[in-house]
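Working notes, structure below.
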Amino acid sequence: MMISFKPCVGNQKGSVFLTTMVCVFVMSLVGGYTYKMSTYNSTYVNRLQKSMQAQQLAEAGLMRALSTIRTSWSAINTASNFPATNLGNGSYDATVTSSGGRYLVSSVGTVGTVTRTVSAEVTAPSTSALTYMFAAGGDAELDSGTAQSP
């Protein structure tokens with residue numbers, strides 16, 4: 001008894017159709033995943049950009065507040081010396097709080113819904129003998145052997 005296999009034309013057409021449908025399904029999945037990831041990455045990059053801009057605005061506000069304080073120490077007690085300021089596509093707002101003779105200067109940068117905060121602690125300037133020496137026109141060079149000013 002001999003068994004022979006003969007290819008059936010109808011089955012080949014069904015195999016080709018099924019293979020094509022599987023390939024289309026796989027390509028659709030890959031395309032959908034690629035689209036989803038590119039959209040997610042675009043959103044992430046946009047948020048990261050706003051975060052960096054808010055950080056830079058906060059730092060700009062802190063630097064401006066510290067500059068104001070350095071120019072005039074008495075300005076630290078007046079809130080109107082540190083106004084909220086719009087800059088570019090965001091804004092910053094600096095504030096000063098005091099506690100026990102120490103001052104905390106904070107600045108909040110905002111771009112859209114993203115905010116970043118930076119702060120620095122400052123103390124009142126003190127007067128030292130070195131300050132008086134400079135004001136009197138003294139020589140600030142120190143002798144390396146004795147560590148004294150001539």
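The values are calculated or read from the model by the stated rules, or taken from the named source; none is laboratory data. Please read all numbers here as calculations on a predicted model, not as lab measurements. Heads up: the accessible areas ignore ligands, DNA and RNA and are worked out on the full protein's heavy atoms, side chains in. Shrake-Rupley method; radii C 1.70, N 1.55, O 1.52, S 1.80 Å.
Averaged per residue, what accessible area in Å² does the range 33-89 show with a 1.4 Å probe, protein chains only?
75
For the range 46-123, which whole percent of the accessible surface, found with a 1.4 angstrom probe, sits on carbon and sulfur atoms?
On the range 46-123, the fraction of accessible area on carbon and sulfur atoms equals 49 percent.
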